[in-house]
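Chemist: Right, I'll just put the structure down here and ask away after.
The values are calculated or read from the model by the stated rules, or taken from the named source; none is laboratory data. Note that the coordinates shown come from a computational prediction; the quantities given were computed from them, not determined experimentally. Positions of Cβ are backbone-derived with ideal geometry, glycine not excepted, and every protein chain shown enters the neighbour counts. Heavy atoms of the whole protein, side chains included, go into the accessibility calculation; ligands, DNA and RNA do not. Shrake-Rupley method; radii C 1.70, N 1.55, O 1.52, S 1.80 Å.
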Amino acid sequence: FLVLLFVAGTGSALAVAAGLFDGLPRLDDGVAAVFQARIFASGHLVLPLPEHADFLKVFGVLDRRVGHWCGMYPPGWPALLVPGVWLGATWLISPLLHGGLVVATALLGRELYGPATGRLAGLLTLGSPLLLVLGGEHLSSTPTAFALVACAWFTLRLVRTGRPRFGALAGLAWGLAFLCRPLSALLVGGIIALYPLVRWRAACAAWRGMGLAALLAV
C-alpha cells in the first residue's frame with residue numbers, strides 16, 4: 001500500500017510539474033531556488049557580477065546589494081535541487097518529495113492511531129489539490145513538509161522503541177527542514193518536541209537517541 005501511495009503521489013505531482021507547469025518554475029521564489037541550485041552545481045556558493053548585471057533582475061536573487069549573485073533564501077532547497085540540475089530536470093525533485101510526503105503522512109497516522117487511520121491519512125494527502133500543486137512547483141514547501149512529517153514519525157518511533165537510529169533520522173530530518181524554512185522548522189519542531197516531554201520517562205530511557213537527535217539537528 002505504501003509503495004502504491006508513493007508511486008501515485010510522485011506520478012500525480014510529475015503530471016502537474018510536466019503537464020501544467022512545463023517543467024519550469026512559475027513563481028519568483030522557485031526561479032531563485034533554481035538559480036542558486038545552478039550556482040551550487042557549478043561548485044560555487046556565489047557568482048561574480050557580470051558587466052551588465054542590472055539587465056536581469058529576479059526577485060529573490062541578490063546582486064549589487066551584496067556585490068555578487070546569489071539567492072536570498074536558505075540553502076537547503078537549492079542543494080536538494082542540484083541533482084536535478086545535473087540531470088537537466090529540476091522539476092523531478094519536488095514530485096519525488098511529494099511522494100515521500102504522502103508516505104510519511106500515512107506512516108505518522110498509522111503510528112498515532114492505527115493502520116486504518118494511516119491509510120486514510122495517506123489517501124487524504126494524496127487527494128489534496130494544494131499539496132499536489134506545491135508538489136509540482138519549485139518551492140521549498142514540499143521538502144519542508146516532508147522533512148517535518150518524517151521528523152515527527154521518527155520522534156514517535158524513538159520514544160516508543162528506544163532505538164538510537166530513529167533519533168539520528170529525526171535530527172537529520174529536522175535539520176533539513178531548518179535549512180529549507182527555518183521559522184517553520186522551529187515552530188513545528190517545538191510542537192514535535194512536546195511528545196518526548198510528555199513521555200519523559202521513555203525519552204530518558206532513549207537518551208542515546210535523544211542525544212543523537214539533538215547533535216545532528218545542530
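Chemist: With a ≥ b ≥ c taken as the square roots of the eigenvalues of the C-alpha gyration tensor of the range 95-182, please select rounded if a/c is under 1.5 and otherwise prolate if a/b is larger than b/c or oblate if it is not?
Modeler: Working: a/c = 3.08, a/b = 1.19, b/c = 2.58.
Since a/c reaches 1.5 but b/c is at least a/b, the shape of the range 95-182 is classed as oblate.
Chemist: For the pair F1 and W200, how long in nm is the line joining their label points, each one 7 Å along Cα→Cβ?
Modeler: The two pseudo-label positions are separated by 3.6 nm.
Chemist: Obtain the nm distance between the two label points defined at A193 and R165 by a simple spin-label model: each point lies 7 Å from its Cα along the Cα-to-C-beta direction.
Modeler: For A193 paired with R165, the spin-label model returns 2.7 nm.
Chemist: A further question on this structure: Would you mind calculating the gained length between R65 and L183 on full extension (0.36 nm times residue separation, minus the Cα-Cα distance), in nm to one decimal? List each step's numbers first, then the result.
Modeler: Details: separation 118, 0.36 × 118 = 42.48 nm, distance 2.42 nm.
Extra length available between R65 and L183 comes to 40.1 nm.
Chemist: With a 1.4 Å probe and all protein chains left in place, how much accessible area per residue does the chain have, in Å²?
Modeler: Values: 11430 Å² over 218 residues.
About 52 Å² of surface per residue is accessible.
Chemist: Taking percent of Cα pairs over 33 Å apart as the quantity of interest, determine which of (i) 31; (ii) 12; (iii) 22 was computed from the displayed structure.
Modeler: Computed from these coordinates, percent of Cα pairs over 33 Å apart corresponds to label (iii).
Chemist: Suppose each label sits 7 Å from its Cα in the direction of the beta carbon; what would the L20-K57 distance come out to in nanometres?
Modeler: 3.1
Chemist: Counting alpha carbon pairs within less than 8 Å and at least 6 residues apart, what relative contact order, in whole percent, applies to the chain?
Modeler: Details: 372 pairs, mean separation 46.4, N = 218.
RCO, the chain: 21 percent.
Chemist: Further question: Out of the chymotrypsin sites (Phe, Trp or Tyr not before Pro) in the range 37-84, which ones are loop residues according to DSSP with at most 15 other C-beta atoms within 10 Å?
Modeler: F59
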